[in-house]
Amino acid sequence: MTMKKEVQTCKRCIYTTAHPLGLTVDDEGICSGCRIHEEKDSLDWQARWEMLEKLVQPYRSKDPYNYDCIIPVTGANDSYYIVHTVKNRLKLNPLLVTYNKYFNTPLGIRNLANLRIRFNCDILIQNVNPISVRKITRASLRRFGSIYWPCLAGQTVFPVQTAVRYQVPLIIWGAHQGLEQVGMFSHEHEVEMTRRYRKDHDLLGTEADDLLSLFDTLSEEDIWQYRYPDDRELNSVGVRGIYLGNYVRWDPKAQHEQMIREFGYQSAGFARTFDCYDHVDCFNFMNLHDQLKLYKHGYSKVTDHACREIRHGRLTREQGLRLVRKFELQPIRYDDLFCQWLGVTQRGLQFMIDQHRNPDFWVEIGPGQWIFAGCSTREVCSIDTTPTDRDCSCHFESTSVMDDRPNPSYIVVGKGYPLN
Ligand SMILES: [Zn+2]
């Protein structure tokens, strides 16, 4: 048995040193993520924008019919803002690429169609065969308690493969998660995409080829689409991936609201968080995937959202904590669709995911009965935990719903959407 390290909590936000990306707390009790966030108010963003303009200059194609860069997109997240910044402000001609994760909501399909039409961009869609995706999902759910390995692997590798194939070396991403959440780097390090970060953090330390030795159910035909190009290929094209968050003051809430107003991005409410803007393209991200995060790490996405809003000064620490307590144990939705897709019963699924409850955060009091003892429960909250109107100082606007059909189902392959 390993000795449990003492967990420290940040005095400003509500992250703890148990954060899976790694986080430190300084002598004043403030975490590395909050410290790096302070740079957003001290850096000269005009100067950083000029650095970005210089950086992209050599990538402008002389030929008006060629692409200048690649942008990985989805029907949610920061896709609209990235495309807007690259196309309208930097005046580059991007090729959009998207990996089909199969758990698509109608709203996600609509947002993606509206994105390529409104910004007038070409798009490539990668559909890996559903049999392999299901096989990998089943294996990684059992072993790592993750349903998202193929999504994360596909999303992070397809743009790189496309850069090599199309010989378009520059890939432009949004913010770097390690920087935004835990302050792994300073903005001034101008960190770029690496194979190493993808493996360690996005892929739970497991590359496509590692899957072959871990699971005898998987073969070469199942995994080759997720293989990262080798250094020789990357170097021959000069592939590099940059993060806009190093050059633009990153504020997802303000950015999404601008995209709703100016380009018709649509948002939707969730049962497990107050942020209506991210992940509206996926039935599972804010549901089963989020619940697994709570099982394994003792906190869920609502904590990420609360920490971000506290750092931007739109929530107090107490308000953030109250919102976390309000949302984190809410029941998930759409797990029936996932069971149908994977071919398991709901009891079978529950049994599988219970294996991944981390005993640091969950106490089993009887067969199948658990008490949550996660990060937020260690906080002393002197006031009533019932949310009040004061929490609305951080208002998120929901303009639509993920699926308005009477019988929701995954849009397995969706190309367009009737736009009105
Ligand atoms: Zn903090």
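When the scattering of segment 58-138 is computed by the Debye formula from its Cα atoms alone, each counted once and equally, what is log10 I(q)/I(0) at q = 0.16 Å⁻¹? Results for segment 58-138 at q = 0.16 Å⁻¹ read -0.65.
Tell me the carbon and sulfur percent of the accessible area for segment 311-360, rounded to whole percent, probe radius 1.4 Å. Can you show the working numbers first?
Values: 1270 of 2590 Å².
Carbon and sulfur atoms account for 49 percent of the accessible area of segment 311-360.
Helical runs assigned H by DSSP (4 residues or longer) give the chain a calculated mean residue ellipticity at 222 nm of -10500 deg cm²/dmol, each run adding -39500 (n - 2.57) before division by the residue total.
Kindly identify segment 4-143 as rounded, prolate or oblate by the Cα gyration tensor criterion: order the square roots of the eigenvalues as a ≥ b ≥ c, call it rounded if a/c is under 1.5, otherwise compare a/b with b/c, prolate if a/b is larger, else oblate. Here segment 4-143 falls in the oblate category. Between Asp404 and Arg249, the C-beta separation translates, for a Förster distance of 30 Å, into a calculated FRET efficiency of about 0.30.
With the alpha-carbon atoms as the only input, what is the per residue convex hull volume for segment 267-375 in Å³? Display every interim value, and only then the final one.
Details: hull volume 10.5 nm³, N = 109.
Spread over its residues, the Cα hull of segment 267-375 gives 96 Å³ apiece.
For segment 205-297, the fraction of 1.4 Å probe accessible surface lying on carbon and sulfur atoms is 46 percent.
Taking θ as phi - 60° and the Karplus parameters 6.51, -1.76 and 1.60, the scalar couplings of segment 283-298 work out to 5, 9, 4, 8, 10, 4, 4, 6, 5, 5, 4, 5, 4, 8, 10, x Hz in sequence order, x denoting glycine and proline. Judged by the gyration tensor of its Cα atoms, with axes a ≥ b ≥ c, segment 312-373 is oblate; a/c meets the 1.5 cut and b/c is at least as large as a/b.
Taking all protein chains as they are arranged and a probe of 1.4 Å, the heavy atoms of Lys11 leave approximately 140 Å² accessible to solvent. Classify the chain from the C-alpha gyration tensor, please: rounded if a/c falls under 1.5, else prolate or oblate depending on whether a/b exceeds b/c. Because its axes are fairly even, with a/c under 1.5, the chain counts as rounded. A cut-off of 5 Å between modelled amide H atoms, ignoring neighbours fewer than 5 places along the same chain, links Trp370 with Ile365. Calculated accessible area for the chain comes out at 46 Å² per residue, all protein chains present (probe 1.4 Å; ligands, DNA, RNA ignored).
The values are calculated or read from the model by the stated rules, or taken from the named source; none is laboratory data. In this text the structure is predicted, and so the values were computed from the model without any measurement. Here the Cβ is made from the backbone with ideal geometry for all residues, glycine too, and neighbour counts use every protein chain on show. These accessible areas exclude ligands, DNA and RNA; they are computed on the full protein's heavy atoms, side chains included. Shrake-Rupley method; radii C 1.70, N 1.55, O 1.52, S 1.80 Å.
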